[in-house]
Amino acid sequence: MRTISPLQKERLKYQPKLAGALSNGINNIKLSLGEATKSVSDTEEIKNLFSEVYGKPIAKFTSNGDELSNQKRNIGVILSGGQAPGGHNVIAGLYDAMKTQNKENKLYGFLGGPSGIVEGKYMELTDEIMDAYRNTGGFDIIGSGRTKLETEEQFKKALEVCKSLNITAIVIIGGDDSNTNACLLAQWMSKNNTGISVIGCPKTIDGDLKNDQIEISFGFDTATKTYAELIGNIQRDANSAKKYWHFIKLMGRSASHVCLEAALQTQPNITLIGEEVEKKAQSLESIVNYIADIVARRAKNGKNFGIALIPEGLIEFIPEMKVMIGALNDLLASLESNSNYQNSSQEEKYSMITSKLDSASAKLFNSLPSQIKAQLLMDRDPHGNVQVSKIETEKLLIEMVREKLNKMKKEGNFDGKFSDQAHFFGYEGRCAMPSNFDSDYCYSLGYNAFALIQAGLTGYLSSIKNTTKPASEWVAGGVPLTMMMNMERRHGAMKPVIKKALVELDGPVFRALEKNREKWAMEDCYIFPGAIQYFGPSDVCDLTTITLQLEQENKLVGV
């Protein structure tokens with residue numbers, strides 16, 4: 001028997017709240033369908049690729065429906081991609097809904113992510129197993145992985161495994177790429193008349209899987225609260241020692257939602273937002289000048305300390321860097337089988353790379369420190385992109401700011417001190433014990449996924465809306481996966497993927513930062529959020545993110 005902490009022991013007892021109509025029981029809900037939908041862009045391409053599941057209507061559940069069939073079902077579940085707090089509760093919600101409908105139902109967890117369904121690696125989930133993982137962080141109940149499901153061979157093997165277990169539905173819990181897999185699998189299963197439905201659940205701490213129907217991806221609430229606690233601790237230390245500038249890089253490779261939310265919770269001196277950098281076409285030099293100016297102005301006021309938040313994917317938002325990295329992604333894809341390149345020394349690789357880049361990108365690449373060059377040439381992620389989490393952007397900025405300040409000192413424009421500390425908060429937030437919000441939200445997502453299956457739907461993403469209200473007012477339903485898709489370049493070729501939601505610079509969340517940016521830069525307005533609250537008054541324990549509150553308030557007033 002494993003040892004658990006007193007807090008985890010208490011959290012295992014927590015009973016998550018169910019969304020609206022779902023709280024009346026799985027056999028007492030009614031399905032209503034809206035109008036036909038279309039993809040966010042590239043309509044014809046997406047329609048041709050997903051002819052069997054394209055254009056489905058948005059689904060919504062209400063109370064007092066006809067009792068659904070209690071026919072025995074076997075369902076498979078997959079955790080896909082990076083961990084996010086609340087994943088275990090999605091499975092718990094799915095499991096409880098299944099067992100409520102028919103105690104003979106069986107839930108099979110495929111081990112190690114999508115590869116589990118292809119390789120036939122699985123375990124049956126039981127009461128004893130589930131009761132040990134409720135309201136806990138991590139994906140360790142069945143493990144996760146990043147295998148892409150996209151080939152005919154993979155689909156055939158998955159079908160064989162499902163047939164051997166009498167599985168009639170698959171739930172894939174993952175982010176945008178994982179749910180693209182779900183859509184591809186749903187299309188193939190439908191096209192081949194397998195009778196197997198596929199439902200997705202929206203996961204990612206990055207917060208970039210959202211739209212009008214998906215208000216928030218699970219894990220974002222817990223992760224940003226975890227990061228905010230750490231940032232608050234560092235701000236308290238900085239305000240005490242008054243001698244260090246802390247450069248803190250935060251998760252979020254394709255969007256800056258985490259950085260923005262953490263800033264609103266803690267009010268640091270500097271917050272860089274990748275989408276803003278891209279829109280304003282800011283160069284690396286201009287970003288360095290912006291930071292150095294604030295450092296110098298604070299030093300003039302006797303404050304040789306401060307906090308700077310940096311989104312993980314910043315380097316790809318800088319236009320000159322983005323162009324270079326895009327060229328590198330395509331170039332490295334073509335060099336994967338080039339033995340001359342693979343067997344070359346690091347310096348020879350640099351030379352080979354720059355000889356194949358355009359002059360501007362080659363000049364930029366050569367201007368970077370060797371450490372950053374090496375990080376840019378590391379193995380790509382499964383989607384063919386540079387692994388930005390391994391690029392120490394925070395250290396690059398520290399070195400360049402120090403150079404700039406030394407130059408300013410020689411010119412008589414800086415008379416302070418600059419001592420630095422670098423941090424990267426990433427894995428610290430991915431497996432944190434889920435907040436009350438994520439515990440409730442995830443449980444509802446899983447329960448709702450079974451309702452979608454029972455309603456005979458496939459190719460849908462589980463959707464819970466109205467999430468700034470009490471759970472009793474949440475609205476359960478589903479959004480067609482094709483509605484969220486577009487075509488993007490991956491591994492040098494155009495592929496269908498779910499479109500990421502970026503920070504909206506004209507939206508209420510960014511405007512809240514922009515409004516306070518100068519004040520927070522020069523004054524010490526630090527907030528120290530403390531640890532996630534699980535017990536106590538509802539206005540403390542059940543708070544949603546500032547991002548979600550501002551977005552929903554904005555919709556209500558019609559701004």
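Between SER23, SER41, SER51, the distinction of being in the same structural domain as LYS99 (by TED's automatic domain parsing), of a type in the set (S, T, N, Q), under 28 Å from MET130 (Cα atoms) and touching a residue at least 40 places away in the same chain (Cβ under 8 Å) belongs to SER23 only. Does ALA360 count as at pLDDT below 95 and more than 20 Å from LYS249 (Cβ to Cβ)? It is true that ALA360 is at pLDDT below 95 and more than 20 Å from LYS249 (Cβ to Cβ). Any residue in the range 354-361 that is surrounded by 13 or more Cβ atoms within 10 Å (Cβ to Cβ), free of Cβ contacts under 8 Å to residues at least 12 places away in the same chain, outside the structural domain of LEU149 (by TED's automatic domain parsing) and small (Gly, Ala, Ser)? No, every residue in the range 354-361 fails to be surrounded by 13 or more Cβ atoms within 10 Å (Cβ to Cβ), free of Cβ contacts under 8 Å to residues at least 12 places away in the same chain, outside the structural domain of LEU149 (by TED's automatic domain parsing) and small (Gly, Ala, Ser).
Yes or no, residue by residue, for (1) under 27 Å from LEU264 (Cβ atoms); (2) buried (at least 24 other Cβ atoms within 10 Å of the Cβ); (3) at pLDDT below 95:
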{"position": "ILE170", "(1), (2), (3)": "no, yes, no"}
{"position": "ALA186", "(1), (2), (3)": "no, yes, no"}
{"position": "SER190", "(1), (2), (3)": "no, no, no"}
{"position": "ILE196", "(1), (2), (3)": "no, no, no"}
{"position": "ILE216", "(1), (2), (3)": "yes, yes, no"}
{"position": "ALA228", "(1), (2), (3)": "yes, yes, no"}
{"position": "GLY232", "(1), (2), (3)": "yes, no, no"}
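Checked across the range 202-213, the condition of being among the hydrophobic types (A, V, I, L, M, F, W, C) and outside the structural domain of GLN265 (by TED's automatic domain parsing) holds for at least one residue.
Of the helices (runs of 4 or more DSSP H) that lie entirely inside the range 159-276, those containing 1 or more residues that are of a type outside the set (Lys, Arg) and over 28 Å from LEU33 (Cβ atoms) span 220-241, 257-266.
Could you tell me whether LEU94 is under 28 Å from the mean Cα position of the chain (by Cα) and either not in a loop (DSSP other than H, G, I, E, B) or not assigned by TED's automatic domain parsing to the domain that holds THR482 (or both)? Considered against the rule, which asks whether it is under 28 Å from the mean Cα position of the chain (by Cα) and either not in a loop (DSSP other than H, G, I, E, B) or not assigned by TED's automatic domain parsing to the domain that holds THR482 (or both), LEU94 comes out as yes. The set of residues from the range 508-559 being of a type in the set (Gly, Ala, Ser) and under 21 Å from MET251 (Cα atoms) comprises ALA512, GLY530, ALA531. Just for the range 125-140: of the residues that are in a loop (DSSP other than H, G, I, E, B) and without any contact (Cβ under 8 Å) to a residue 60 or more places away in the chain, which one is surrounded by the fewest Cβ atoms within 10 Å (Cβ to Cβ)? Once the filter is applied, the top-ranked residue is THR126.
Considering (1) out of contact with any strand residue (DSSP E or B) (no Cβ under 8 Å at 6 or more places or on another chain); (2) assigned by TED's automatic domain parsing to the domain that holds SER419; (3) of a type in the set (A, V, I, L, M, F, W, C), say which one ILE234 fails and leave the rest. In the conditions (1) out of contact with any strand residue (DSSP E or B) (no Cβ under 8 Å at 6 or more places or on another chain); (2) assigned by TED's automatic domain parsing to the domain that holds SER419; (3) of a type in the set (A, V, I, L, M, F, W, C), ILE234 misses (1) alone. One residue stands out among those in the range 36-76 that are part of a strand (DSSP E or B) and in contact with a helix residue (DSSP H, G or I) (Cβ under 6 Å, 6 or more places away or on another chain): the one that is modelled with the lowest pLDDT, which is SER63. Checking each residue in the range 54-91 for being buried (at least 22 other Cβ atoms within 10 Å of the Cβ) and among the aliphatic types (A, V, I, L, M) picks out ALA59, ILE75, VAL77, ILE78, LEU79, ALA84, VAL90, ILE91. LYS9 meets the conditions (1) at pLDDT below 95; (2) surrounded by 15 or more Cβ atoms within 10 Å (Cβ to Cβ); (3) part of a helix (DSSP H, G or I) in every case but one. The failed one is (2). Considering the range 289-302 alone, what residues qualify as being of a type in the set (Lys, Arg) and crowded, with 19+ Cβ neighbours inside 10 Å? If the condition is that a residue be of a type in the set (Lys, Arg) and crowded, with 19+ Cβ neighbours inside 10 Å, then ARG298 is the only one that fits.
Total residues in the range 97-108 satisfying the condition of being crowded, with 21+ Cβ neighbours inside 10 Å and modelled with pLDDT of 95 or more: the figure is 4.
Screening LEU513, LEU457 for residues that are touching a helix residue (DSSP H, G or I) at 6+ places or on another chain (Cβ under 7 Å) and touching a residue at least 12 places away in the same chain (Cβ under 8 Å) leaves exactly one candidate, LEU513. If you go through the range 362-379 and keep only what is surrounded by 12 or more Cβ atoms within 10 Å (Cβ to Cβ) and assigned to a helix (DSSP H, G or I), you end up with ALA362, LYS363, LEU364, PHE365, ASN366, GLN371, ILE372, LYS373, ALA374, GLN375, LEU376. Residues that are farther than 26 Å from ILE532 by Cβ, in a loop (DSSP other than H, G, I, E, B) and at pLDDT below 95 do not occur anywhere in the range 288-306. Within the option set VAL77, VAL118, being aliphatic (A, V, I, L, M) and farther than 20 Å from ALA455 by Cβ holds for one residue only, VAL118. For LEU149, the requirement of being buried (at least 21 other Cβ atoms within 10 Å of the Cβ) and modelled with pLDDT under 95 is met. Applying the set (1) assigned to a loop (DSSP other than H, G, I, E, B); (2) crowded, with 23+ Cβ neighbours inside 10 Å to GLN15 leaves exactly one unmet item: (2). Is it the case that some residue within the range 523-531 is more than 30 Å from LYS17 (Cα to Cα), among the hydrophobic types (A, V, I, L, M, F, W, C) and surrounded by fewer than 16 Cβ atoms within 10 Å (Cβ to Cβ)? Yes: the range 523-531 contains one or more residues that are more than 30 Å from LYS17 (Cα to Cα), among the hydrophobic types (A, V, I, L, M, F, W, C) and surrounded by fewer than 16 Cβ atoms within 10 Å (Cβ to Cβ). Only one entry in GLY416, GLY412 is out of contact with any helix residue (DSSP H, G or I) (no Cβ under 7 Å at 6 or more places or on another chain), surrounded by fewer than 24 Cβ atoms within 10 Å (Cβ to Cβ) and not in a helix (DSSP H, G or I), namely GLY412.
The values are calculated or read from the model by the stated rules, or taken from the named source; none is laboratory data. Predicted model only: the values in this text are computed from it and were never measured. Counting neighbours? That spans all protein chains shown, and the Cβs are built from the backbone with ideal geometry, glycine included.
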